[in-house]
1. Can I get the semi-axes of the chain's equivalent ellipsoid? Compute them from the C-alpha gyration tensor as square roots of 5 times the eigenvalues, in angstrom, largest first.
2. Sequence-distant or interchain residues sharing an amide H contact under 5 Å with residue 48, placed H: which?
3. Restricting the count to DSSP beta bridges whose residues both fall in the chain, what percent are antiparallel, rounded to a multiple of 5?
4. Under the definition of Cα pairs under 8 Å and six or more residues apart, what whole-number percent is the relative contact order of the chain?
5. Which length gain, in nm to one decimal place, applies between residue 32 and residue 89 when the Cα-Cα distance is subtracted from 0.36 nm times their residue separation?
6. Along the positive direction of the dipole of the range 36-98 (beta-carbon charges: Lys, Arg +1; Asp, Glu -1; about the Cα centre), which of 57, 37, 70 reaches farthest?
7. Residue by residue through the range 61-74, what is 3J(HN,Hα) from phi via Karplus (6.51 cos²θ - 1.76 cosθ + 1.60, θ = phi - 60°)? Round to whole Hz and write x for glycine and proline.
8. When the Karplus curve 6.51 cos²θ - 1.76 cosθ + 1.60 is applied with θ = phi - 60°, which whole-Hz ³J(HN,Hα) does each residue of the range 94-100 get, with x for Gly and Pro?
Amino acid sequence: MNRKNIALILSGGEGKRFDKSKPKQFFKINEQTILEITVEKFIKSSLFYNVIVVCPLKHKTETQRLLKKFKVTIVTGGETRQKSVLYGLERCKKYKSENIIIHDVVRPFFQKNYLMIF
């Protein structure tokens, strides 16, 4: 695991254009939520010292429940995407990283070779 890299995963979208019953990150693909798929890919890449997930307060309990099997940091987001990024970046300071990649949780189909920029 690279101690200089952090993955900051934004999981605050409501997916209102997708389905009003729940946010996109909580829908399942092959028995796993999109949230779990994305986080697991970042962890298994071994490119990151820490994975930080930023989520809204109203979804924090569900996010914690789904991610309890992973070693991640969960941060409460803000009222806007920009504030959520800011809160995530503020948490990153604690780890003194050199590189931070910011990723949208509902984009789970990336490949590790796209992350090889570090």
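Every number in this text was worked out from the coordinates using simple rules, so none of it is lab data. Please read all numbers here as calculations on a predicted model, not as lab measurements. Neighbour counts are summed over all protein chains in view; Cβ atoms, including those assigned to glycine, are modelled from backbone coordinates with ideal geometry.
1. Numbers: eigenvalues 94, 57, 31 Å².
Over the Cα atoms of the chain, the semi-axes work out to 22, 17, 12 Å.
2. It is 2, by chain and number.
3. Of the beta bridges lying entirely in the chain, close to 10 percent run antiparallel.
4. RCO, the chain: 38 percent.
5. Length difference between fully extended and current span is 17.8 nm.
6. 70
7. 4, 5, 4, 4, 4, 6, 9, 4, 7, 10, 8, 9, 9, 10
8. 4, 9, 6, 7, 9, 10, 10
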